[in-house]
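Student: One structure follows; several queries about it will come next.
The values are calculated or read from the model by the stated rules, or taken from the named source; none is laboratory data. What you see is a predicted model; the values in this text were computed from it and never measured. Cβ coordinates were reconstructed from backbone atoms using ideal geometry, including for glycine residues, and neighbour counts include every protein chain displayed. Keep in mind that these areas ignore ligands, DNA and RNA; they rest on the heavy atoms of the full protein, side chains included. Shrake-Rupley method; radii C 1.70, N 1.55, O 1.52, S 1.80 Å.
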Amino acid sequence: MKEPTSLPCELIQDILPLYVEEDVNPKTKDLVAKHLEECGSCRDFLKELKNEEPVLDDIPENLPEPDTFKKWFKRLRAGAIVGLIVLILAAVGIGVVSYKAGTVAEKETISTKDVVRVLKKGGLSLKASPSPVIDPSECRLGDVQPKVYGLDEEGLGQLYIYEFDSTLARRNILESIKSMEDDPFTSSQIPSVAYAAKNMVIVAVLNISEENWQSDYDKIAPMTQALGKTIFYDLNQGEKWVLYGEGKDWEAKLVVSTYEEWWTGEDGYKKFKFYMTKTPLVNYKGNPEEIKNINYSFEYLNGKSTLTEEGYHQGNFDEEQTAFYRGSPLYWGIYSGTTHTIDKNETGKFSVQWNGEEESFELTLQEP
C-alpha cells in the first residue's frame, strides 16, 4: 500500500461506527473497505462493533493520541494531505451529526453493547465471565436472562446486565419486585447493588467472603464507584450541583443530584420521571465540641428536612459527595420518581438553633 494514500488505523476506527451504520459517502466507504482488506487489527475492531457480546480488552481505544495526526501528516506529501482531508471532511461531516444524534445520550433504548462500551470509557474493562456467582438462568427478571461480565481479574465483582425491549418493560418488571424474596440476588444472601438506565438493569454482585470482607471490598470499591458514577453521568445523563450559604457562625451546603427518565407509555405518549437526591452538609466555624442541643433544617423546593443532634455530623463538608452513585437492592424501589422538574437557580434556606442561639441564611447556587 502506498504511503501517501494510507489511512491511519486510529482514523479508520473513528469512522467505523459511521461505516457500520452506512452513514458515509461512497468514496469514504471505498477507502475504508480498502483499508480493511489489508488491516487485520481494524477488521477485528469492525467485528467487535458488530458483536453483541464484546470482550473489550481486545479493542483498541477509539480516540487517537494527541500526536497521532502530527505523525501521520509527516508521512504524507502536502498535496495528498490536502486532498485527503477534503475528502474525509466531506464524507464524514453529515454522518458525524447523524451518528452523534443516535448515541446513548439520545436513545430511548440502548443495548448491552452500548452499556459495555460506555463503561469501558469510564475505566471499566469488562470480560464475559465464565463462572457467574449466580446462574443467569436462576436470576431472570421476567423473561430476560442477564449477560454476566467480570469487573476485575480476581473475580471479586461481576455485572449482571439485563436488556429489556423498552424502558416501559424494564419499569414494569422492577415495579413487580416488592420484597427481598422477589429479589434473586438479595434472597441468595449475596451482596449486590442495582442500577437502572433507560431499558437496562445493571446489578453489581460482590463475590466477597465474610472473613476477607474488608480487604476484598477495599480492592473492588474503586470499581463500583466508577460504575455508579458512569451510570449516573453517562447512561442517565445525571447532573449535580451545590447550593451554598454562610452566616456568622455557620456555613451550609445542599448537594443536589438529579436526572430525568423518559419513555413511551402503553398509550403511545411520552412520559417521564424526575429523580432527585439531596445531601445536607453543615460546618460550624467555632469549636464543634462546644455544640449542645442543636436543631437545624434545610428548606428546598416544597420540602423541609429537620435534623437534631443525633443527625449532626461535621467532618465531610469539603469532601466530594458520592452517595448517589451507590444504587440499591432491587426491591427497595429506587426507580420511583416524581413528575416535578426543578430549576437549579431556585434558592434554599438553612436554619439552626444551638446553645440557645440561632442563625439562618439563604442557600444559592455555588458556581463550579
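Student: Say whether the condition of being assigned to a loop (DSSP other than H, G, I, E, B), closer than 26 Å to residue 177 by Cα and either modelled with pLDDT of 90 or more or open to solvent by 60 Å² or more (accessible area, probe 1.4 Å) (or both) is met by at least one residue in segment 322-332.
Tutor: Scanning segment 322-332, I find at least one residue that is assigned to a loop (DSSP other than H, G, I, E, B), closer than 26 Å to residue 177 by Cα and either modelled with pLDDT of 90 or more or open to solvent by 60 Å² or more (accessible area, probe 1.4 Å) (or both), so the answer is yes.
Student: Taking residue 245 and the conditions (1) assigned by the TED database to the domain that holds residue 271; (2) buried (at least 21 other Cβ atoms within 10 Å of the Cβ), which numbered condition does it fall short on, given that it satisfies the others?
Tutor: Unmet condition: (2).
Student: Restricting to strands (runs of 3 or more DSSP E) lying wholly in segment 98-204: which have 1 or more residues that are of a type in the set (Phe, Trp, Tyr) and closer than 24 Å to residue 323 by Cβ? If you could, list the steps in order and put the result at the bottom.
Tutor: Working: elements: 147-150, 157-163, 192-197.
It comes to 157-163, 192-197.
Student: Pairs, please: C-beta under 8 Å, at least 6 apart or cross-chain, first residue farther than 27 Å from residue 207 by Cα and of a type in the set (S, T, N, Q) and in segment 153-171, second modelled with pLDDT under 90 and not in a strand (DSSP E or B)?
Tutor: Listed by first residue and then by second, the contacts come to 166/108; 167/108.
Student: Quick one: residue 254 ticks every box in (1) in contact with a Pro (Cβ under 7 Å, 6 or more places away or on another chain); (2) modelled with pLDDT under 90; (3) not small (Gly, Ala, Ser) except a single one, so which number is it?
Tutor: So the condition that residue 254 fails would be (2).
Student: It is to be established whether one or more residues within segment 190-203 are surrounded by fewer than 19 Cβ atoms within 10 Å (Cβ to Cβ) and in the same structural domain as residue 153 (by the TED database).
Tutor: Of the residues in segment 190-203, the ones surrounded by fewer than 19 Cβ atoms within 10 Å (Cβ to Cβ) are 190-191.
Next cut, in the same structural domain as residue 153 (by the TED database) only: 190-191.
Yes: one or more hits.
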